[in-house]
Amino acid sequence: MAADSPLARGGARIGDAVKFDRTTLSQFATDEHVGLTLFSGDNRSHLSLQPIPDPEIMAHGTDAQVIVTFDLASAFLALLIGLRRGDSIAMRVFAMSLLVGSGIDGFNFFVPNTR
């Protein structure tokens with residue numbers, strides 16, 4: 001944990017447990033506040049922190065573009081397998097798994113955050 005991180009400034013130490021208020025999996029924007037409960041030994045405190053950007057992490061826009069590209073490729077591959085090998089039950093199941101899986105990764109980028 002970086003010494004200048006919002007979590008460290010909030011009093012967290014290595015070994016502490018953190019429980020986020022929001023249970024949806026998404027990236028945090030730097031203009032929002034993130035609510036969490038910090039468990040440090042027998043102490044428990046609620047914090048509202050504002051994330052800071054990390055220049056070493058890939059930008060969100062590029063991340064979304066890569067995921068959407070792979071999702072579209074998976075959906076196209078599922079369509080091809082379904083059309084070419086629809087006679088095989090195993091290939092139909094494989095095509096359906098590709099089709100279902102192609103929408104899972106990119107789903108979070110297009111649905112607004114729910115709290």
*asked:* Every residue in region 50-75 that is in contact with a helix residue (DSSP H, G or I) (Cβ under 9 Å, 6 or more places away or on another chain) and either within 19 Å of Gly103 (Cα to Cα) or at pLDDT 90 or above (or both), please.
replied: His60, Asp63, Ala64, Ile67, Val68, Phe70, Asp71, Leu72, Ala73, Ser74, Ala75
*Does Gly15 fit the bill of being at pLDDT 85 or above, more than 18 Å from the chain's Cα centre (by Cα) and of a type outside the set (Ser, Thr, Tyr)?*
yes
*In region 1-49, how many residues are touching a helix residue (DSSP H, G or I) at 6+ places or on another chain (Cβ under 7 Å) and not in a loop (DSSP other than H, G, I, E, B)?*
1
*Report yes if Leu83 is loosely packed, with under 10 Cβ neighbours inside 10 Å, outside any strand (DSSP E or B) and at pLDDT 85 or above, otherwise no.*
yes
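The values are calculated or read from the model by the stated rules, or taken from the named source; none is laboratory data. Everything numeric here is computed off the predicted structure, so don't read it as measured data. Counting neighbours? That spans all protein chains shown, and the Cβs are built from the backbone with ideal geometry, glycine included.
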